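Below is one structure; the comments refer to it alone.
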Amino acid sequence: MIDKDKIFKLFVNGKEISGDKTEDEIKDFMNGPYAKIGMFVKLIQNHEVFHKKLEKFLKKEQPNYNVESTKEASEFTVYNRAWSYIKDIDINSKEDLNAIINFEHKALLKVLSSSITFFEVYEEYEKCAHLHKIQKTVKEI
């Protein structure tokens, strides 16, 4: 489970504390399951927001530009980068399971669903299976 005290002691009065110990604590947190799930979710959510804004901008500006091919290329990049975070999550690990339990379920389920759909198109069924296990666990909670 995430130790909120470790996170909050990285800062004093809103200012970051410097030092090797702090860097190690940050690295430990970023290598932990809660941060990995968070990065997975945020990458995909931010990608969706970016495309809505880009589409609005392009309708206004009307450049000579293929929206669909750009969207396809950026989706490929984002979903595969997001995969690099979620691939190590093991629902059989107590620490990973606690991170799943403590994460906001609605956002996680939405992103897992869109990721499964994305990887199905590319027939990457091993990834879909892994994501489905996590999805099933979240739904059971």
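The values are calculated or read from the model by the stated rules, or taken from the named source; none is laboratory data. As the structure is a computational prediction, the values presented were derived from the model and not from experiment. Cβ placement follows ideal geometry from the backbone for every residue including glycine, while neighbour counts extend to all protein chains displayed.
Hey, can you tell me all the residues within region 51-75 that are in a helix (DSSP H, G or I) and surrounded by fewer than 13 Cβ atoms within 10 Å (Cβ to Cβ)? Matches in region 51-75: LYS52, LYS53, GLU55, LYS56, PHE57, LYS59, LYS60, GLU61, GLU68, SER69, GLU72, ALA73. Scanning region 109-121 for residues that are in contact (Cβ under 8 Å) with a residue 60 or more places away in the chain and in contact with a Pro (Cβ under 6 Å, 6 or more places away or on another chain) turns up nothing. Taking region 76-103 as the range and being in contact (Cβ under 8 Å) with a residue 24 or more places away in the chain, among the hydroxyl-bearing types (Ser, Thr, Tyr) and in a helix (DSSP H, G or I) as the test, the residues that pass are TYR79, TYR85.
Residues considered: PHE40, PHE29. Of these, the only one that is assigned to a helix (DSSP H, G or I), touching a helix residue (DSSP H, G or I) at 6+ places or on another chain (Cβ under 6 Å) and under 18 Å from HIS132 (Cβ atoms) is PHE40.
Based on this model, can you work out whether SER69 counts as farther than 15 Å from LYS36 by Cβ, small (Gly, Ala, Ser) and modelled with pLDDT of 95 or more? Judged against the criteria, SER69 is not a match.
Yes/no per residue for (1) surrounded by 13 or more Cβ atoms within 10 Å (Cβ to Cβ); (2) under 15 Å from ALA35 (Cα atoms); (3) of a type in the set (S, T, N, Q):
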site	(1), (2), (3)
ILE89	yes, yes, no
ASP96	yes, yes, no
ILE100	yes, yes, no
GLU104	no, yes, no
ILE116	yes, no, no
VAL121	no, no, no
LYS127	yes, no, no
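Across region 38-81, the number of residues qualifying as touching a Phe, Trp or Tyr at 6+ places or on another chain (Cβ under 9 Å) and hydroxyl-bearing (Ser, Thr, Tyr) comes to 2.
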